[in-house]
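Trainee: Take this structure first; my questions come after.
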Amino acid sequence: MLTLAHARRIALSLPEATEEDHFGMPSFRVQKKIFATVPDGKSIRIMLGPEETSAAIGTNPKAYEELWWGKQLAGITVHLARADPRQVADLLGEAWRRKAPKALVRVFASAPAKKK
């Protein structure tokens, strides 16, 4: 079972990731760009593209659901108790890569992998 504390450690382990307030809820950012938010203690929202969103939901529809921001698909909501920690780490990494500057992504890609 994935806990919020574990998900937070994963998000903050990414290069230059910070935690900041976003309208009363924690958000994880890279250089001020949000890649995930925490609406409550039982779930996190991860900002992904449509393909990654669809793939994640396809692997475990009980753990992941579409996240809509108005009329735009913005990513997934992860129900922590039902999610696989390794997959969430991968999804957070993908969301981080989508928001991080390209030069930082290259440095991250060339670094040795860490255990999550």
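The values are calculated or read from the model by the stated rules, or taken from the named source; none is laboratory data. From a predicted model like this one, the values you see are computed outputs, not experimental measurements. Here Cβ is always computed from backbone atoms with ideal geometry, including for glycine, and neighbour counts include all displayed protein chains. Note: accessible area is taken over every heavy atom of the protein model, side chains too, but ligands, DNA and RNA are not part of it. Shrake-Rupley method; radii C 1.70, N 1.55, O 1.52, S 1.80 Å.
Trainee: Does segment 3-55 come out rounded, prolate or oblate, given a ≥ b ≥ c as the square roots of the eigenvalues of its C-alpha gyration tensor, rounded meaning a/c under 1.5 and, failing that, prolate meaning a/b above b/c?
Mentor: Rounded is the answer for segment 3-55, as its axis ratio a/c remains below 1.5.
Trainee: Could you check how much of the accessible area of the chain is carbon and sulfur, as a whole percent, using a 1.4 Å probe?
Mentor: 55
Trainee: Could you give the nm distance between label points at residue 51 and residue 82, where each point is 7 Å from its Cα heading toward the beta carbon?
Mentor: 2.6
Trainee: Then there's this: Using 0.36 nm per residue, how much length does the chain from residue 31 to residue 1 gain when fully extended, once their Cα-Cα distance is taken away?
Mentor: Additional length available on full extension: 7.8 nm.
Trainee: While we're here: Roughly speaking, what is the centre-to-centre gap between segment 49-116 and segment 21-38 when only Cα atoms are used, to the nearest Å?
Mentor: Centre-to-centre (Cα) distance: 14 Å.
Trainee: In addition: Given H placed on each backbone N at 1.01 Å, which residues far from residue 44 in sequence or on other chains put an amide H within less than 5 Å of it?
Mentor: Close amide H contacts, sequence-distant or interchain: 78, 80.
Trainee: With θ set to phi - 60°, apply the Karplus curve 6.51 cos²θ - 1.76 cosθ + 1.60 along segment 52-64 and write out the HN-Hα couplings as whole Hz, x wherever there is a Gly or Pro.
Mentor: 5, 4, 4, 5, 4, 4, x, 7, 7, x, 7, 9, 10
Trainee: Please list, ordered by chain and number, the residues whose modelled amide H lies under 5 Å from the amide H of residue 67; skip anything fewer than 5 residues away on the same chain.
Mentor: 74, 75, 76, 77
Trainee: With an 8 Å Cα cut-off and a minimum separation of 6 or more residues, compute the relative contact order for the chain in percent.
Mentor: 28 percent.
Trainee: What is the Cα convex hull volume of the chain when expressed per residue in Å³?
Mentor: For the chain, the hull spanned by Cα atoms encloses 102 Å³ per residue.
Trainee: Now for a separate question. Using a Cα distance threshold of under 19 Å, what count of lysine pairs results for the chain when pairs must be 8 or more residues apart or interchain?
Mentor: Lysine pairs meeting both conditions in the chain amount to 5.
Trainee: Moving on to the next point. Place +1 on the Cβ of every Lys and Arg and -1 on the Cβ of every Asp and Glu in segment 47-109, take the dipole about the Cα centre, and give the residue among 73, 92, 105 whose Cα lies farthest towards its positive end.
Mentor: After comparing all options, I get 105.
Trainee: How large is ³J(HN,Hα), in whole Hz, for each residue of segment 76-87 in order, when computed from phi with the Karplus curve 6.51 cos²θ - 1.76 cosθ + 1.60 and θ = phi - 60°, using x for Gly and Pro?
Mentor: 10, 9, 9, 8, 4, 5, 9, 9, 7, x, 5, 5
Trainee: Considering only protein heavy atoms, what per residue accessible area in square angstrom results for the chain with a 1.4 angstrom probe?
Mentor: Working: 6850 Å² over 116 residues.
Here the residues of the chain average 59 Å² of exposed surface.
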